[in-house]
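The values are calculated or read from the model by the stated rules, or taken from the named source; none is laboratory data. Bear in mind that the values here come from a model prediction, so they are computed numbers and not experimental data. Cβ coordinates were reconstructed from backbone atoms using ideal geometry, including for glycine residues, and neighbour counts include every protein chain displayed. For accessibility, only protein heavy atoms count, side chains too; no ligands or nucleic acids. Shrake-Rupley method; radii C 1.70, N 1.55, O 1.52, S 1.80 Å.
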Amino acid sequence: MKQYKPQEFEKKWQDRWDAENLYRTPNPGEESFDPKKPSYYVLDMFPYPSGSGLHVGHASGYIGTDIIARRKRMEGFNVLHPMGWDAFGLPAEQYAIQTGQHPRVTTERNADNFRRQLKLLGLSYDWNREIDTSVPEYYRWTQWLYLKLYKKGLVYQKEVAVWWCEDLKTVLANEEVINGRSERGNHPCVRRPLKQWVLKITEYADRLIEDIDLLEWPEHVKKMQSDWIGRSEGAEIDFRISGGDKYIRVFSTRPDTLFGVTALVLAPEHPWVRKLTTADRKTSTESYVTAVASKSELERKAETKEITGMFLGSYVEHPLLPTRKVPIYISEYVIADYGTGAVMSVPAHDERDYRFAKAMGLSQIEVIKPENLMNTADCYTGEGTLVNSGDFTGLSSAEARMRIVTELEARCLGQKKVTYKLKDWVFSRQRYWGEPFPLSFAPDDSIVPVDESELPILLPEMTNFTPSDDGSAPLNRVPEWVNHTLRSRPGIPLKRSTDTMPGWAGSCWYYLRFMDPHNSGAPFSKDAVNYWKQVDMYIGGTAHAVMHLLYARFWHKVFFDLKLVPTPEPFKRLFNQGMVTAFAFRDSTGRLVPTDEVEQVGEEWRRIGTEVKLERFVTKMAKSLKNVVNPDDVIANHGCDVLRIYEMFMGPLADDKPWTDDGISGCERFLKRVWSLFHDDEGKVKAQFLAASPRSLKDDSGQLAIEQALHRALKRVNDSFDNLNFNTSVAAMMEFLNAAYEQPASMTRIQAEMFLRILSPFCPHITAELWAKTAHEGYIDYQPWPAVISEFLQDDNFELVITVNGKPRRRLQVRRGTAACELEDLALNVVQDLVAGQTIIKVIVVPDKLVNIVAKG
Ligand code: ANZ
């Protein structure tokens with residue numbers, strides 16, 4: 001083959017890898033397992049197999065992990081690099097509701113398409129380990145692990161005000177609702193109480209914060225995790241309701257400001273609101289409460305808008321100054337399910353309290369002075385020295401915090417308290433396409449855990465998946481499934497829980513199942529988990545920075561406590577790939593125009609064949625934006641290796657970067673040149689790459705230059721693995737190729753081998769083909785990764801110092817090894833102006849160092 005035609009060999013290699021199970025990873029105990037090899041586990045966040053398939057943006061992360069996996073294999077690691085499907089989820093169910101098509105059918109079809117696409121990308125997954133979270137062989141173990149959580153006391157039932165979406169007929173998690181509308185589909189949502197299964201993630205809150213230190217994760221993700229958990233140290237303080245013996249409890253992080261309290265503010269949903277509202281204020285209070293109920297938490301917390309509130313007409317007593325009456329208000333800024341749902345308002349030292357007091361015309365009392373005693377602003381939120389605070393005046397904030405809490409404790413009016421923003425995790429959905437709960441209800445409504453031996457609890461077959469109008473799950477309509485008995489409780493009529501687990505359940509432990517995917521007696525064996533331990537490198541988009549990672553960490557910690565896993569954390573190193581963005585087009589009305597209906601006319605963009613001018617903008621790839629680039633098309637046109645390096649060449653893996661079709665040609669040219677380097681004009685592999693040519697490097701400066709270029713490239717490729725900026729790897733290999741082309745006849749077989757090895761993780765097809773064509777046995781995939789030899793890294797150039805009569809006058813970058821006569825000519829040339837009119841008496845050349853010119857005149 002004269003020219004580079006990837007279509008002629010890429011498929012052949014992919015089929016061969018498949019047929020020969022080239023990337024199969026043995027587990028301990030298997031025959032092909034080599035105990036001397038260290039383990040390395042590199043994992044992609046496994047996809048939900050959506051109907052629209054993969055676009056080049058998804059592919060970039062998968063290519064990145066594949067490059068890592070391939071290099072690690074060559075470095076002698078036993079590499080676990082699996083793929084599977086996060087297959088339960090809402091879209092398949094929505095589709096089923098619309099079309100009557102069973103989610104199982106669409107999910108399988110979509111997974112088939114994903115698998116086909118991933119194989120086209122030449123990814124070296126061990127497909128023997130493929131998993132699907134929606135099959136009974138998998139979800140029986142999700143149920144089994146859930147029972148472990150239940151038995152550990154981490155599961156309870158609670159009536160929760162949940163987001164209900166009428167259009168989707170389902171409950172949504174807080175995170176799935178944005179500004180009171182569903183994230184998916186943008187439908188309106190309302191709050192509605194419903195009995196739910198809840199997981200006690202808050203019991204692990206402290207450890208989930210502390211162990212963040214063990215992680216090699218991007219700092220911003222660590223911060224997002226810790227902010228999400230939101231640990232606050234403070235105190236709970238009780239305020240006695242005037243004229244009674246009941247108390248209202250507040251949570252404050254600043255008990256040192258207690259003497260500055262000028263109002264007590266309740267969340268409008270606070271259970272005391274009705275009782276504390278005086279008769280004359282009932283109507284206005286009620287309408288205020290209703291108005292706030294329709295607002296999302298985000299709106300209520302918005303910092304830019306004016307805070308509203310309402311005085312209830314009642315008072316509490318200040319706990320340390322019983323004569324001071326403090327008015328009770330309600331306001332939107334106090335959130336019902338944080339702390340105690342009540343706040344002591346200190347306008348002089350808290351921004352929101354300040355804005356609230358301004359809006360309500362409340363007074364403020366300054367109780368903290370900054371250290372420098374300068375005039376303070378209206379609201380000073382820092383630490384300082386107490387003023388206007390009775391016996392505590394003069395103390396520092398820190399000291400006062402302790403002393404005031406001690407005083408309150410002595411009077412039984414308060415105590416230290418740690419609060420978290422993190423709430424227990426509502427873990428049930430009123431949907432069909434999820435894992436059934438392994439929990440049943442006895443006739444007296446008590447919970448009966450299903451015995452492990454009776455797992456899995458299979459989803460019953462159904463044809464209509466619409467939830468009932470009362471919000472109960474579709475499973476409620478299958479009485480023969482709901483009503484059952486258990487072998488462990490013979491004769492007792494039981495009812496199943498008809499909710500299913502949320503989409504997160506399967507992804508909480510899938511990385512463990514990959515370690516031992518076919519185990520039918522346990523979710524994973526001890527041997528497997530003790531060998532693979534944890535994920536060494538986990539790559540996925542930033543979308544999962546909080547929830548999936550937090551939930552999986554929580555389950556993993558429970559498993560760790562149960563001695564099911566040997567490590568306290570599941571994912572040692574995390575890396576977020578950036579987004580591949582793309583151009584999209586819109587007309588003057590803002591309507592999107594599919595990219596294939598757009599043409600460029602001069603500097604303008606127009607709808608093909610019309611005068612309609614379009615605006616071009618950069619945005620993420622999305623089906624709705626009609627700017628999705630399908631890897632299948634790119635591969636059909638340019639080949640898989642070209643796509644792989646182009647995706648890496650676009651920029652560091654972590655960065656967002658725009659896709660342009662023009663950029664591909666540079667990468668294609670590179671691989672064409674690689675191909676030509678190995679072939680003569682007749683399309684035959686050059687003889688120099690077929691026979692070992694034991695020439696010494698010293699004898700051939702061209703060969704030495706190539707060797708140096710190779711090691712320089714290798715060094716840069718190695719370095720690029722630290723931060724996954726594989727763009728520099730590709731650039732380094734391109735530079736190498738330029739160097740090789742300077743004296744192509746000098747390149748030896750051994751050098752060709754080294755180059756192919758370095759290129760192979762990036763472009764596994766062309767390198768497999770050239771490896772075979774240059775008469776090599778076996779697969780390049782398991783050849784050792786080359787080592788950098790530092791002596792070849794020396795810079796090719798040196799700084800030539802040119803002196804005139806002993807004084808340094810000029811400096812030049814010159815290639816090492818330049819002949820003495822050439823150096824002399826160079827030097828004389830650049831000092832012409834300095835020696836004009838003088839006689840050159842002598843020129844002394846010290847090779848690779850300096851030229852001294854002795855002149856007289
Ligand atoms: C009085 C005070 C004075 C406060 C001061 C702060 C500064 P984080 O750090 O977020 O935990 N708070 C308590 N419960 C609340 C609720 N349900 N909704 C809205 N705000 C609430 O903040 C805790 C602080 O937020 C608490 O400390 C309380 O205001 C307020 F100079 O109490 B502070």
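Values for this structure:
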read-out	value
Residues within segment 344-393 that are small (Gly, Ala, Ser), surrounded by 13 or more Cβ atoms within 10 Å (Cβ to Cβ) and within 13 Å of the ligand (Cβ to nearest atom), tallied	5
Residue check, Arg281 at pLDDT 95 or above and open to solvent by 40 Å² or more (accessible area, probe 1.4 Å)	yes
Subset of segment 226-238 that is within 8 Å of the ligand (Cβ to nearest atom) and in a strand (DSSP E or B) - its residue that is surrounded by the most Cβ atoms within 10 Å (Cβ to Cβ)	Gly234
Odd one out for Glu10 among (1) surrounded by 20 or more Cβ atoms within 10 Å (Cβ to Cβ); (2) over 20 Å from Gln783 (Cβ atoms); (3) charged (D, E, K, R)	(2)
Residue, nearest to the ligand (Cβ to nearest atom), within segment 309-343, restricted to residues that are open to solvent by less than 10 Å² (accessible area, probe 1.4 Å) and of a type in the set (A, V, I, L, M)	Val334
Any chance Lys533 is under 17 Å from Lys222 (Cβ atoms) and in contact with a Lys or Arg (Cβ under 9 Å, 6 or more places away or on another chain)	no
Ala279 being among the hydrophobic types (A, V, I, L, M, F, W, C) and within 16 Å of the ligand (Cβ to nearest atom)	no
Residue check for Ile241: more than 42 Å from the chain's Cα centre (by Cα) and either within 13 Å of the ligand (Cβ to nearest atom) or open to solvent by less than 10 Å² (accessible area, probe 1.4 Å) (or both)	no
Residue count for segment 449-502, restricted to those that are at pLDDT below 90, closer than 22 Å to Asp167 by Cβ, open to solvent by 50 Å² or more (accessible area, probe 1.4 Å) and polar (S, T, N, Q)	2
Subset of segment 799-850 (residues that are of a type outside the set (Gly, Ala, Ser), under 26 Å from Gly702 (Cβ atoms) and open to solvent by less than 80 Å² (accessible area, probe 1.4 Å))	Leu800, Leu812, Val814, Thr818, Leu823, Glu824, Leu826, Val845, Val846, Asp848
Filter result (open to solvent by 50 Å² or more (accessible area, probe 1.4 Å), touching a strand residue (DSSP E or B) at 6+ places or on another chain (Cβ under 9 Å) and not aliphatic (A, V, I, L, M)) within segment 735-793	Lys773
Which numbered condition His270 misses (of (1) more than 13 Å from the ligand (Cβ to nearest atom); (2) open to solvent by less than 50 Å² (accessible area, probe 1.4 Å))	(1)
First in segment 324-345 and in contact (Cβ under 8 Å) with a residue 24 or more places away in the chain and of a type in the set (A, V, I, L, M, F, W, C), second anywhere and within 6 Å of the ligand (Cβ to nearest atom) and open to solvent by 20 Å² or more (accessible area, probe 1.4 Å), Cβ under 7 Å, 6 or more apart	Val334/Val343
Test for Ser428: is it in contact with an Asp or Glu (Cβ under 9 Å, 6 or more places away or on another chain), within 12 Å of the ligand (Cβ to nearest atom) and of a type in the set (S, T, N, Q)	no
Any hit, segment 656-676, residues being open to solvent by less than 40 Å² (accessible area, probe 1.4 Å) and either at pLDDT below 85 or in contact with a Lys or Arg (Cβ under 6 Å, 6 or more places away or on another chain) (or both)	no
Given (1) open to solvent by less than 30 Å² (accessible area, probe 1.4 Å); (2) within 15 Å of Tyr782 (Cα to Cα); (3) in contact with a strand residue (DSSP E or B) (Cβ under 7 Å, 6 or more places away or on another chain); (4) in a helix (DSSP H, G or I), number of the condition Gly57 does not satisfy	(2)
Cβ pairs under 7 Å, 6+ apart, first in segment 258-281 and farther than 24 Å from Tyr354 by Cβ, second within 11 Å of the ligand (Cβ to nearest atom) and part of a loop (DSSP other than H, G, I, E, B)	none
Residue check, Ala302 within 16 Å of the ligand (Cβ to nearest atom), out of contact with any Lys or Arg (no Cβ under 9 Å at 6 or more places or on another chain) and at pLDDT 95 or above	no
Among residues of segment 295-308, those that are part of a loop (DSSP other than H, G, I, E, B) and open to solvent by 40 Å² or more (accessible area, probe 1.4 Å), counted	6
Some residue of segment 690-701 being touching a residue at least 24 places away in the same chain (Cβ under 8 Å) and surrounded by 19 or more Cβ atoms within 10 Å (Cβ to Cβ)	no
Test: residue in segment 193-205 that is within 15 Å of the ligand (Cβ to nearest atom), more than 28 Å from the chain's Cα centre (by Cα) and over 25 Å from Arg553 (Cα atoms)	no
